[in-house]
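Contents: one structure, followed by commentary.
Values in this text are rule-based calculations from the coordinates and carry no lab data. A quick note: this is a predicted structure, and the numbers were derived from the prediction, not measured. Neighbour counts run over all protein chains shown; Cβ positions are idealised from the backbone, glycine included.
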Ligand code: ADP
């Protein structure tokens, strides 16, 4: 069965076309700068030449149309007919408390996603636009939505509630939701598979460390606690986000600097984190390079970043009364040898012992990087959110098409 996976952002749309027979990627690509004067489409058909086009693409509807044109293009295409695509899976950031798992799109589901616009004003509207664009271009093909928050719906009240007046939870659903759920779900399953152990038997901490970063405590195969909260701002220090801070800093700064709510929000989300401390960049590669060249601020940013990550791993080991497996994933987690070493070297009290050689290996495969003696198994597991979306879509539609 052929399945199209779509990840629609406000001005971008990424896609991946899977043949579920063998789970191979037939094509992937992205449309960037949707709604701007010169949009860019990059299409990579597997085994053929990559194409990059500049076009006027004013909305998501046209973006999907262009993607379909490319998928069926006589030279760059990979499909003979659009009908070969049996289902489309969409990434949706926020599923609130309603969506505890992936689901087939219906009018009611679309309405519920719309009701969640308040909680994810930047992310849920484009996802719904992506769904509408598929409806407009692909008739009544089956569609499935996969939520970033769904994996974390297993959290118990003691971990998802904030200690603030309960009325705020009841009235406005203010609570911890957590994000990157599709990634934490994928890597935890993959790690257990590689170790050939039931996931339910492992106490695991997964660290998704990319531009955004979050840590999840996985107990009995389910998310027990996670570092991102009501929004993706909470938790670890990130590229441009502060992560945890004293909430009183918000009114204090607004008062001292005469900032508006929007300004302080933007400061914490876009101008904080590694960017703010290093004064150089939000990108871990640039920070590491600058640090190695002796830049003190870059070193401070790195030290703060790794210190905070270590605190979370330690906290989650305590929360679960133990840890068997520690997983690193996403851009930084998968690639930064020095970050993994720095974090693990400070966690020897947990019985973590890295194998330096394994940690230094460059590989795209899921693998163990701890020594044979290490009490905790440390792993690098490349994430693949699109594959999990394709799998959920396949599972939900295979009986119906
Ligand atoms: P996103 O959250 O946007 O999906 P990614 O998971 O792609 O982000 O992660 C991007 C981050 O990964 C950047 O900070 C980048 O510097 C970092 N990164 C990518 N490759 C390396 C590398 N070889 N060494 C260190 N950091 C890396």
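Relative contact order of region 281-393: 22 percent, from C-alpha pairs under 8 Å at least 6 residues apart in sequence. In the chain, the DSSP-assigned H stretches of four residues or longer account for a calculated mean residue ellipticity at 222 nm of -11500 deg cm²/dmol, using -39500 (n - 2.57) per stretch and the full residue count as denominator.
What per residue convex hull volume, in Å³, comes out for region 259-401 when only alpha-carbon positions are used?
In region 259-401, the Cα hull volume divided by residue count equals 188 Å³.
Considering only alpha-carbon pairs that sit under 8 angstrom and 6 or more positions apart, the relative contact order computed for region 1-94 is 28 percent. In this simple spin-label model, placing a label point 7 Å from the Cα along the Cα-to-Cβ direction at both residue 259 and residue 338 gives a separation of 2.9 nm. The three principal axes of the Cα atoms in region 125-170 give end-to-end lengths of 47, 20, 13 Å, sorted in falling order.
Computed from the C-alpha gyration tensor, the three semi-axes of the ellipsoid equivalent to region 110-187 are 29, 16, 9 Å, from longest to shortest. Remark: 109, 250, 401 ranked as 401, 250, 109, counting other beta-carbon atoms within 10 Å and listing the fewest first.
If you take the beta carbon distance between residue 292 and residue 245 as r and set R0 to 22 Å, what does 1/(1 + (r/R0)^6) give as a FRET efficiency, to the nearest 0.05?
0.20
Highest-first packing order for the peptide set 320-333, 151-164 is 320-333, 151-164, based on the mean count of other beta carbon atoms within 10 Å. Grouping the Cα pair distances of region 68-116 into 10 Å bins from zero gives a pair-distance distribution of 21, 36, 22, 20, 2 percent in increasing distance order. The calculated FRET efficiency for the pair residue 193 and residue 311, based on their C-beta separation and a Förster distance of 22 Å, comes to about 0.15. Across every pair of non-identical alpha carbons in region 251-338, the mean reciprocal distance, once inverted, gives a Kirkwood radius of 15.1 Å.
Averaging 1/r over each pair of different alpha-carbon atoms in region 132-251 and inverting the result gives 16.1 Å, the Kirkwood hydrodynamic radius. Simple spin-label estimate for residue 364 and residue 59 gives 3.7 nm between the two label positions (7 Å along the Cα-to-Cβ direction from each Cα). Largest first and in whole Å, the equivalent-ellipsoid semi-axes of region 1-151 read 25, 18, 13, each the square root of five times a Cα gyration tensor eigenvalue. Summary value for the chain: 14 percent relative contact order, contacts being C-alpha pairs under 8 angstrom separated by 6+ residues.
Against the empirical curve 2.2 N^0.38 Å, the C-alpha radius of gyration of region 167-229 lands at a ratio of 1.27.
With respect to the chain, whose longest principal axis is taken over its alpha-carbon atoms, helix 60-71 is tilted by about 70°.
Of all DSSP bridge pairs formed entirely within the chain, close to 65 percent run antiparallel. Counting neighbouring Cβ atoms within 10 Å and putting the fewest first, the residues 6, 389 line up as 6, 389. Label-to-label distance, residue 373 versus residue 75, with points set 7 angstrom from Cα along the beta-carbon direction: 6.1 nm. Across all Cα atoms of the chain, the radius of gyration (one decimal) and Dmax (whole number) stand at 21.6, 62 Å.
Highest mean packing first, where packing is the average number of other Cβ atoms within 10 Å per residue, the peptides 32-40, 139-147, 51-59 line up as 139-147, 32-40, 51-59.
Packing, as the average of other Cβ atoms within 10 Å across residues, places the peptides 281-294, 60-73, 264-277 in the order 60-73, 264-277, 281-294, highest first. Principal-axis analysis of the Cα atoms of the chain puts helix 181-195 at an angle of about 70° to the longest axis.
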